[in-house]
Structure formats: structure tokens, C-alpha cells
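Enquirer: Can you read through this structure? Questions will come right after.
The numbers here are math on the coordinates, done by the rules we state, and not lab data. Model, not experiment: these values are computed from the prediction. So basically every Cβ, Gly included, is an ideal-geometry build from the backbone, and we count neighbours across all protein chains shown.
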Amino acid sequence: MNREELKIVKQLDDGSLYADPLLIEEMFRYNDMLQPSLHVHRNEKGQAVGYLPVGYYYRSPNKGYILSYIASMPNSPPVSPTYTPGAESILKKMKQPYFDSDVVADFSCAQQQPTASLYGMPLQHYWQFLSASRRKDLRRKLRKSQRFTLQVGSLVDVRNAWHWMQQIWDQRNGRFGSTPYEQYLETTLSWLTVLEKSQRARLKIDKYMLGNRMVGINCCAIHHYNHRYHCDDYLTWYDPHIASGLGIVSAVKNFTHPDLTSTRYNLSTPSISGNTITGHQYKWDIIPEALRLTQSVMIVS
């Protein structure tokens, strides 16, 4: 950002996570981001009243790179359904096509889709929305996970768990394209480091242990936006031989955690334009349709 843009961001700072200048600057540093810029909306007096970080990043089969709101980490399903101050006024007026996967409320130009998000609730309440077979399966997984103990982890532990993500990456190479392993890791860690540094999000990092050995890790960011707390679940990496199914277990443990009741839990968007991303079907499976929040804008023309 230039000096004038940085001044606008600081003037409109409402204390929310995505109003932090550090986060916007991090978005502009993404690899493969083309022409990142700050779209600014001004009122009739010429005063800046909103802004939106955008850039050419997401690839469309027919259009190549298209203009997008820069949402959280690239090469990952978008997680946090939050916006920068005044962004709605810009989204309404954008004439160029763009792809976006975060929350916009009641826009005539937008097609809304369900997300793998729900409001946190007690486990017993959650069971009521599941079929008998799904309840049985999840209870079995939760019982199996009782052999693990939880410890508070750090971003160092996330880095140390990276070799498990490499195995998943090989299975999903069609989704991630040619992005190198190390580039994705460093982008992920850099983004989470900025979240932590902003002091507007609390990183909840759960380290799953078997004896003295780490077998999996889950990382969430908890922050406040529009009068509600959000728990954005960024990653769960685990030993596929020892801790298979930990992605499902950690998600259920998160949105049924007593401290997260009524918090909006965001497990990210498991599909793009109706096509479920490889390996993300479980997100639909553990969040019944009746509980899914349908505020994700997927296609805007």
C-alpha cells in the first residue's frame, strides 16, 4: 500500500481483524497475485468510507485470471466470512467480473451458496440433527480419539507437522496446481503469524499427543466481527497412519466446545461452483444441511 492508502485504512479501522493494516499488506504479498490494489469508495464529499483489497488471482477455466476479493490464504478454500470496513458499497458497484467466497448480505448481484459453517452448540444438541448411522460413526471416532491427549501448540508445531500435509498435497495435486510444497507452507505460516501479531485474533492451536509424540495439530483463529465471535478453522494436519480421521474429530470438538457456544464456526468452503474440492466432502458430511449457514457468495457476474 502507498502512504495515502495506508492512511485510509488507519482512518477507517473499526478494530476488526480484517481492518488491520498488517493483514492487508500480507494479502498484497501473496505469490502469484497480479496487480493487487486497494479499491476505495468515497462519499459525495470525497471522503473515503470503504475499501476492499483486490487482485487477479483465482483462475477461471474460461477467463484465466479474474479479479477477486483477496480472501484469507490463497490456494486454500476461503475460511473467514469477514470483510474490510465499507467493502459492501464497493462490491455492489464493481463492474468487472470477480470471484469471491466470503459473506455478503442480500446483494442482488450475488449468488449465495451454503458453507461448512454453523453456530457452536452443545454436543447433545448437535446429535439431534444427525441420522442414526452418522451419530454412530462420529461417536466411534470420538471414542477412538480419547487415547490422544491435548496440549497447547504453537506455529512451530504447525511447521513440524508439515510432512503430513505433503502426503495430502500429493493426493490433491489437481487442486493446488504447480505451487511448490514449501511455498504453500511459508504462505500459510506467514499468514497465521500476521494474525497472531495483529492481536485481534487469538490462535487456538491444539496439539494431539500419543504419549510424548505429536500425531496431529489443529489451528483456529478466534476473532470478533459484526457483533459476533468467529472461530475460523484453518488447518488440521495429522499422521494418517496413527490419527486417521482427526480432521473430523477436531472439527466436532471445536464447534461443540463449551467456550465456543453461539460462536460462528467456519470450516471453510468445501466446494467451488457446486463442485466439491477433493478431500473436503467430510465438511458437508459432519455439518447437516439444516445447520449450514448460507452466506457464501460463490459466483458474481
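Enquirer: How do S131, S268, S244 line up, fewest other C-beta atoms within 10 Å first?
Expert: The order, fewest Cβ neighbours first, is S131, S244, S268.
Enquirer: Still on this structure: Using the number of other C-beta atoms within 10 angstrom as an exposure proxy, rank E26, E5 with the fewest first. Could you put the intermediate results ahead of the total?
Expert: On the way: E26 21, E5 18.
Ascending Cβ contact count within 10 Å gives the list E5, E26.
Enquirer: For region 117-294, what ratio Rg/Rh do Cα atoms give with a Kirkwood hydrodynamic radius? If you can, show how the numbers build up before the last one.
Expert: Values: Rg = 16.1 Å, Rh = 17.1 Å.
When Rh is taken as the Kirkwood radius, the ratio is 0.94.
Enquirer: Using the 10 angstrom Cβ neighbour count as an exposure proxy, how do T278, T256, T294, T236 rank, fewest first? Intermediate results must be reported in sequence, preceding the final value.
Expert: Details: T278 13, T256 19, T294 10, T236 24.
Lowest count first: T294, T278, T256, T236.
Enquirer: Pop a pseudo-label 7 angstrom from the Cα along the beta-carbon direction at both R202 and Q151 and give the gap in nm to one decimal.
Expert: 2.2
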